[in-house]
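Following: one structure in structure tokens, then a few remarks.
The values are calculated or read from the model by the stated rules, or taken from the named source; none is laboratory data. Quantities reported herein were computed from a predicted structural model and do not represent experimental measurements. Heads up, the Cβs are rebuilt from the backbone with ideal geometry, glycines too, and the neighbour counts pull from every protein chain shown. Accessible surface areas use protein heavy atoms only, side chains included; no ligands, DNA or RNA. Shrake-Rupley method; radii C 1.70, N 1.55, O 1.52, S 1.80 Å.
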Amino acid sequence: EQLTAGFNNTEHFYQKDKTVTRLFEQQAVLSADKIALVFKDRQLSYHELNESSNRLAHYLKSKYDIKPGDRIAVKLERSEWMVISILAILKSGGAYVPIDIDYPQERINYILEDSHCLAVADEEELKTFHQQSGRYSTINPEAINTSHDLIYVIYTSGSTGKPKGVMTEHHSVVNLVESQQKIFGITAQENILQYSNFSFDASVEQLFIALTCGARVTLIDKATALDPAALEDFISSQQVTHIHMVPALLKMLRPTRYEHLKRVIAGGDKCSAELARSWAQYHPFYNEYGPTETTVTSIEYLYHQATAAASSTVLPIGRPIGNTRVYIVDERMNLVPVGVEGEICIGGGGVARGYLNKAELTKEKF
């Protein structure tokens, strides 16, 4: 009972019939004049971000006749146009496939070939769009997606063999963001730092926990992101309330009181108890875990100084987030008792559709 229902009592209401696109468009009405996106010296209100992405969506629809499930690659430098392009692809009815422009050409070619993208949103495509953008409407395109349509295909690192394209549906991201908004207590007054590379799934959480609830998302430029001193100044000067980074980077920052910061989240790698202790004396500290195959974050732990063993070097990864089930099993898929090592198996609302073009592997793993 404890191993099945006890740890997995995670049911929560979420808008499972809504798409991420619909949730953003609702905020474009409710929070029209609020700042939605900041990059360097450029600010876009929810209304402006919605209208810009609508124009690009209408352009893409007219040029490529996009249907649900069609995939469009995004191959751009970090900027407000990266976000506009992602929203435009979703509004057009397609799913986005992020490609880091700094990837080796061989990897870029592999992803483009494997994903069978209908189009590539790159600088060349945007240049063509900008030359004729005035022709296209700023009205929301007709919604053609259901919550079970694809929202993105993100490729795994490919540490074993070729990278695998993970197909994720809208409802899984809606579950993620609404669960995280509840766990973290995210409000429309927040300013979320968008730090992660867009080709990694952590970017999904950072972007959409903000844009689906009327909060601000602040993009960081590459140079600032790679300079710890500049990054510390950025967090303070931009009045960031929420940071989510890999432990190695958090280790390079000075744990101190940032006036506006409400929480610090570590994810993407093993986190030490020492790192958690150093930050938790100033801000609530969370440790997140989850493979791309289960939509960014599946398991989460809020560090408590009072209950953590002072001598412990291991930081727990916590309990499942909303509508997520976690089982620890042996090699025969039997549940193991508390304290016994086993393999993590994850079920529930975050489980992706599977691997693109890999039916056998999907059958084995999902």
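Side notes on the structure shown:
- A crude spin-label estimate for the pair MET333 and ASP102, with each label 7 Å from Cα along the Cβ direction, gives 4.1 nm.
- Extending 7 Å from Cα along the Cβ direction at ARG257 and again at SER79 yields two label points whose distance is 4.0 nm.
- Cα gyration tensor category, rounded, prolate or oblate, for the stretch 310-349 with a/c compared to 1.5: oblate
- The ASP65 and ASN109 beta-carbon pair, evaluated with R₀ = 30 Å, returns a calculated FRET efficiency of approximately 0.75.
- Only lysine pairs 8 or more places apart or on separate chains count here, and in the stretch 1-120 those with Cα atoms under 27 Å apart total 19.
- Ordered by solvent-accessible area of protein heavy atoms (1.4 Å probe), largest first, the residues HIS242, HIS47, HIS116, HIS171 come out as HIS116, HIS47, HIS171, HIS242.
- Using alpha-carbon coordinates, inclination of helix 202-211 to the longest axis of the chain, degrees: 70 degrees
- Taking the centroid of alpha carbons for each part, the stretch 200-247 and the stretch 86-147 are 23 Å apart.
- In a fully extended conformation the segment linking TYR282 and GLN189 would gain 31.4 nm over its present Cα-Cα distance, using 0.36 nm per residue.
- Carbon/sulfur fraction of accessible area - the stretch 270-366, other protein chains in place, 1.4 Å, %: 53 percent
- With all protein chains modelled, accessible area of LYS182 [1.4 Å, Å²]: 150 Å²
- Rounded to the nearest 10 degrees, the angle from helix 123-132 to the longest Cα principal axis of the chain is 40 degrees.
- The lysines whose alpha-carbon is closer than 20 Å to the alpha-carbon of LYS363, local same-chain residues fewer than 8 away aside, are LYS162, LYS164.
- Helix 228-237 and the long axis of the chain differ in direction by around 70°, with both axes built from C-alpha atoms.
- Estimated [θ] at 222 nm from DSSP helical runs (n ≥ 4, -39500 (n - 2.57)) normalised by residues in the chain, nearest 500: -10000 deg cm²/dmol
- Other-chain or far-sequence residues with amide H under 5 Å of ARG353's (modelled H): MET167, THR168, GLU169
- In the complete set of protein chains, residue-level accessible area for SER31 is approximately 10 Å², probe 1.4 angstrom.
- Rolling a 1.4 Å probe over the protein chains gives VAL83 an accessible area of about 0 Å².
- Within the chain, percent of DSSP bridges classed antiparallel, to nearest 5: 50 percent
- For the chain, the per residue solvent-accessible surface stands at 46 Å², with DNA, RNA and ligands left out and a 1.4 Å probe.
- Taking amide H as placed 1.01 Å from N in the peptide plane, ALA95 has its amide H under 5 Å from the amide H of GLY69, ASP70, ARG71, ILE72, each at least 5 places away in sequence or on another chain.
- Estimated vicinal HN-Hα couplings, Hz - the stretch 266-275 in sequence order (Karplus 6.51, -1.76, 1.60; Gly, Pro = x): 9, x, x, 6, 5, 10, 7, 5, 4, 5
- Between GLU1 and ASP41, full extension at 0.36 nm per residue minus the direct alpha carbon distance yields a gain of 8.9 nm.
- 20 Å binning of all Cα-Cα separations within the chain, expressed as whole percents from 0 upward: 29, 60, 12, 0
- List ARG216, ARG107, ARG332, ARG42, ordered by accessible area with a 1.4 Å probe, largest first: ARG332, ARG42, ARG216, ARG107
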